[in-house]
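I have placed the structure first, in the form of structure tokens, so that the comments after it can refer back to it.
The values are calculated or read from the model by the stated rules, or taken from the named source; none is laboratory data. If you're wondering where the values come from, they're calculated on a predicted model, not measured in any experiment. No Cβ is skipped: glycine too gets one built from the backbone with ideal geometry, and neighbour counts run over all protein chains shown.
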């Protein structure tokens, strides 16, 4: 009986030691993971600020592109209108030169 009691006592003692070691290992792992999480959070904070800054720059660049596209379209329309105006002026100039030529021919016969 003593042997059995001694055996049970030793078994419980070793189980308690092993259990305590397991608990210490788990606590160490928890502490390590918590520390890594804190490091990760502190490392990503500046990156998040950079991301916001880059988003603002992209939005600003997009506004500039949109403004340039609108200006390009306006200039395209203006150029089309000027080409039409120039064609009208060219026809008027051609008619005027033709009339001067006929007048010159009429007043200065070649003989």
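Kindly establish whether residue 37 is without any contact (Cβ under 8 Å) to a residue 60 or more places away in the chain and under 33 Å from the mean Cα position of the chain (by Cα). Outline the logic, then answer.
Details: without any contact (Cβ under 8 Å) to a residue 60 or more places away in the chain: yes; under 33 Å from the mean Cα position of the chain (by Cα): yes.
Yes: the conditions hold for residue 37.
Test residue 33 against the stated conditions and say whether it is modelled with pLDDT of 90 or more and either out of contact with any strand residue (DSSP E or B) (no Cβ under 6 Å at 6 or more places or on another chain) or surrounded by 10 or more Cβ atoms within 10 Å (Cβ to Cβ) (or both). Explain how you work it out, then say what you get.
Working: modelled with pLDDT of 90 or more: yes; either out of contact with any strand residue (DSSP E or B) (no Cβ under 6 Å at 6 or more places or on another chain) or surrounded by 10 or more Cβ atoms within 10 Å (Cβ to Cβ) (or both): yes.
Here the answer is yes, as residue 33 does meet what is asked.
What pairs come out if I take residues in the range 74-95 that are on the phi < 0 side of the Ramachandran plot and in contact (Cβ under 8 Å) with a residue 60 or more places away in the chain and pair them with residues that are surrounded by 10 or more Cβ atoms within 10 Å (Cβ to Cβ) and part of a helix (DSSP H, G or I) whose C-beta lies under 8 Å away, six or more apart or interchain?
From residues that are on the phi < 0 side of the Ramachandran plot and in contact (Cβ under 8 Å) with a residue 60 or more places away in the chain, there are no pairs.
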